[in-house]
Each structure stands twice: as C-alpha cells, then as structure tokens.
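Taking it in order: structure first as structure tokens, then the write-up.
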Amino acid sequence: MGDELVRGTMTVAYRRGSAFSYTCHACSRCCHDKVIQLNPYEVARLAQNLGISTTEFLTHYTERSGTALRRVEAGACVFLTPQGCGVHPDRPLVCRLYPLGRHVTSERGEEFRELLPHPETEGEYGVAGTVQTFLDRQEADPFIEATDQYVELLGRLVAALHGRGKADAAVMQEVQHVVDESTAKGTPEWLDMDRTVAKYCGDRRLPVPTDLRERMRVHIQAIDAGLVEQSGTHKEEAHERG
C-alpha cells in the first residue's frame, strides 16, 4: 500500500485482501485491562455457551450497564482461566479480530488497523496470508454481520429519538453517546435478546425461535416494531396538541 507499517500505531489501513497474518501463542496478555464491548448477538452467544438466559448473563457477567464484559482481579476478563479463554468458541468479535480493529465509514468503507500490542506479547505478526484468511480462521464474519445489523438498528433508534425518518451521518455519530446514556440507568433492555423476543412472540402468540440467528432477526424486528408503534403514538399526540 506504499505505507511503512509502524506496529500498533494505527497508521496503515488494511483491506480484506491485504497481506497479513497473526499467530497467537496464548500468552493471555491481551485478556487484561480491556473494555470488551458487546452487542445483543454476542451476549446471546455467550449466554448460550453457559446455558443461561441473556437476562442472567447481563446480570452476572457484564459491567458498564451491560455493554461490556466484566473484569475481575488485576483487570482480567471474567472468562480468563489458567488454560486461556473459557468461552473461546463464542468469544466476542473484538477478541476474534485482535490484534486488528475494524472501522467502517461512509467515506472509506471497511478498514482494519492494528491495535497497540502488549509490550510483552508473544503473538507473531507476518504476511503469510490475507486479512480475509485471518477472519476466516477466526470465524469472524457472522459476528461482523451481526455487528453491522445492530449498528444500523442503533442508527434507527437514534433517528427515532430525534424524530427523523432516516439516520444520517450526524445521527450515526451520536449512536455511542446514546448507548452510553441509555444504559446509565442500569436498564439495558436493548441488549436483552431473550426478554425482548419472549415478550414480542408472546404478545403475538408466536413460537420463540430456538435458532440464534433467527432469534436475532426477531429481536431486531421486535425493536423496529416498537419504533413504529412509538412513532404512531407521537404523531397522535402531536395531532391532539395541534
């Protein structure tokens, strides 16, 4: 790409076809002092791994009002064990992507950039493959798809909050602020897939999906339905005031 790579300084933007490889040697140093943010799909994957509901998972294994994995002694991830990650098959996207971070903008599209590594990391960097082969080995694409769907959903939530019909670039920039503010009261309802889907299906006398991808689809559908209902209520109120 013509740019000289300075490891971890975020100076080089990778695409999926860019030369890249990384071999993890399970030193677990990257499992400390990190804020591992979660979306509802990731919460549901981890809850399923543990055999509990998303409601229980949010209560016992998260912090920041349900938006991040809880940290324990010495800043370690709650799921770090002496043998490594205790939920490795269902680890969140940020863990799968490490040591890369993913960024999507309207101007530049999807990019990947290297994160600053731990100074004593045992991971090995190289160019023996591409970013896409790295993503394939990490089974990251289903998590990326889910992340993009929930980012779009949050955009619609913010747009509705501001009374706009469509989320524009400025609205999307407000997403993180709204997420932080809306969860400050300790009620991360938008994260709790099981509770939302159960109520939505119960109200409509529909079977609750057992397949996680289908539950995610219904979860997003349920929140969108709530937006439509809320929009109709606001219009009626405005009409009455008028």
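The values are calculated or read from the model by the stated rules, or taken from the named source; none is laboratory data. None of these values were measured; they are calculated from a predicted model. Glycine also receives a Cβ, built like all others from the backbone with ideal geometry; neighbour counts cover every protein chain displayed.
State all residues of region 115-128 that are at pLDDT 95 or above and either touching a Leu at 6+ places or on another chain (Cβ under 7 Å) or among the aliphatic types (A, V, I, L, M) (or both); if no residue qualifies, say none.
127, 128
Go through region 129-167 residue by residue and tally those that are among the small types (Gly, Ala, Ser), part of a helix (DSSP H, G or I) and at pLDDT below 95.
Residues flagged as among the small types (Gly, Ala, Ser), part of a helix (DSSP H, G or I) and at pLDDT below 95 within region 129-167 amount to 3.
So, residue 120, is that one in the same structural domain as residue 36 (by TED's automatic domain parsing), touching a Gly at 6+ places or on another chain (Cβ under 9 Å) and among the acidic types (Asp, Glu) or not?
no
For region 77-128, which residues satisfy the criterion of being small (Gly, Ala, Ser) and out of contact with any Lys or Arg (no Cβ under 8 Å at 6 or more places or on another chain)?
Hits for region 77-128 are 84, 86, 106, 109, 123, 126, 128.
So which residues in region 101-128 are touching a Cys at 6+ places or on another chain (Cβ under 9 Å) and either assigned to a loop (DSSP other than H, G, I, E, B) or of a type in the set (A, V, I, L, M) (or both)?
Result: 115, 117, 118, 120, 121, 122, 123.
Checking the condition polar (S, T, N, Q), modelled with pLDDT of 95 or more and out of contact with any helix residue (DSSP H, G or I) (no Cβ under 6 Å at 6 or more places or on another chain), which residue from 230, 221 passes?
221
State which residue is nearest to the chain's Cα centre (by Cα) when the search covers only region 1-23 and only residues that are among the hydrophobic types (A, V, I, L, M, F, W, C) and modelled with pLDDT of 95 or more.
So the first thing to find is which residues in region 1-23 are among the hydrophobic types (A, V, I, L, M, F, W, C), and the list is 1, 5-6, 10, 12-13, 19-20.
When the remaining residues are screened for being modelled with pLDDT of 95 or more, the result is 19-20.
Values: 19: 25, 20: 23 Å.
If we take residues in region 1-23 being among the hydrophobic types (A, V, I, L, M, F, W, C) and modelled with pLDDT of 95 or more, then 20 is nearest to the chain's Cα centre (by Cα).
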